[in-house]
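Colleague: Just dropping this structure here.
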Amino acid sequence: MHFVCRDVRGNRAALFDGIEEGGIRASSSYSSHEIDEHENERAMDGLQDRVILLKRLSGDINEEVETHNRMLDRMGNEMDSSRGVLSGTMDRFKMVFETKSSRRMLSLVASFVVIFLVVNYLTR
């Protein structure tokens with residue numbers, strides 16, 4: 001047992017032989033500083049990856065918004081043209097009701113029904 005204690009003390013002395021207490025502190029603080037730098041670099045790399053991801057995501061959102069804006073513009077133009085067709089149809093209805101001609105009224109109602117059926121068929 002006495003031999004084991006001497007062996008442990010010998011190993012300990014061999015490890016710390018020639019190192020002063022100040023040297024251990026300087027070495028230990030240097031290692032801590034290195035560890036902090038490595039952690040900071042890893043954190044910066046992680047933040048850089050997140051920034052790149054957010055940049056890509058915002059670019060994708062921008063493209064999507066532009067695509068939807070173009071689609072809405074086209075829909076608005078189509079609605080305007082539909083309004084023109086409907087206002088023309090309403091003008092014809094007014095004309096038919098003002099003249100009170102039964103033949104014109106019948107042709108207008110028949111054409112309106114046909115247009116309604118065609119639109120109904122196309123929207124299915």
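Colleague: Calculate the all-directions average of the projected area of the range 29-112's alpha-carbon convex hull, and give it in nm².
Modeller: Orientation-averaged projected area of the Cα hull: 8.3 nm².
Colleague: Once you place label points 7 Å from the Cα toward the Cβ at residue 120 and residue 94, how far apart are they in nm?
Modeller: 2.7
Colleague: Report the FRET efficiency, 1/(1 + (r/R0)^6), for residue 74 and residue 53, where r is their Cβ-Cβ distance and R0 is 41 Å, rounded to 0.05.
Modeller: For residue 74 and residue 53, the calculated efficiency is 0.80.
Colleague: Measuring from label point to label point, each 7 Å out along Cα→Cβ, what is the residue 86 to residue 61 span in nm?
Modeller: Going by the 7 Å Cα→Cβ label model, 3.5 nm.
Every number here is computed from the coordinates shown, using simple stated rules; none is lab data. Predicted model only: the values in this text are computed from it and were never measured. Every residue, glycine as well, gets a Cβ built from its backbone with ideal geometry; the counts of neighbours run over all protein chains shown.
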